[in-house]
Amino acid sequence: MIQINGLGQTLGFFYAKAGREKHNRNEHFYLLKHLTHWMHGHFSEAIADSTDNNFNGFLDWITSTASSTDYRRATTERLAFGNWLRRFAEAELKEPDAGGK
């Protein structure tokens, strides 16, 4: 999504789809929360860390104060995080059972 739509638009999509209520949190909420936490580690002064009440510090930073250099750096870092997360998920998730065979 980032390569096609851009970082800001992708984060906006995650934010729009995120279940904000504690009982209604979904994969978009958790992905945005993890992204915000990861990026806080790289831009700690600029991005508010994620908490239960504030999971959109990364989106706020991208849409308000990030320079074009920071935006490009954040995009590169986010793509690297996505690759790591995908590989981690592949290693941790089990293959679905093929019909009980």
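In the chain, Rg over Rh equals 1.04, where Rg is the alpha-carbon radius of gyration and Rh the Kirkwood radius from pairwise Cα distances.
Between Gln3 and Glu95, the simple label model (points 7 Å from Cα in the Cβ direction) yields a spacing of 2.5 nm. Reported value for segment 1-40: 64 Å³ per residue, from the convex hull of its C-alpha atoms. One decimal place: the segment Thr63-Lys17 gains 14.8 nm when fully extended, by the rule 0.36 nm per residue minus the C-alpha distance. What the Cβ-Cβ distance of Asn24 and Arg86 gives, at R0 = 25 Å and to the nearest 0.05, is a FRET efficiency of 0.50. In plain terms, the chain from Arg73 to Thr51 could stretch by 5.6 nm, reckoned as 0.36 nm per residue minus the Cα-Cα distance.
Within the accessible surface of the chain, defined with a 1.4 Å probe on protein heavy atoms only, the carbon and sulfur portion equals 52 percent.
The values are calculated or read from the model by the stated rules, or taken from the named source; none is laboratory data. Note that the structure is predicted; figures quoted are calculated from it, not measured. Glycine gets a Cβ as well: all are built from the backbone with ideal geometry, and neighbour counts include every protein chain shown. Each accessible area value is taken on the protein alone, full model and side chains, heavy atoms only, with ligands, DNA and RNA left out. Shrake-Rupley method; radii C 1.70, N 1.55, O 1.52, S 1.80 Å.
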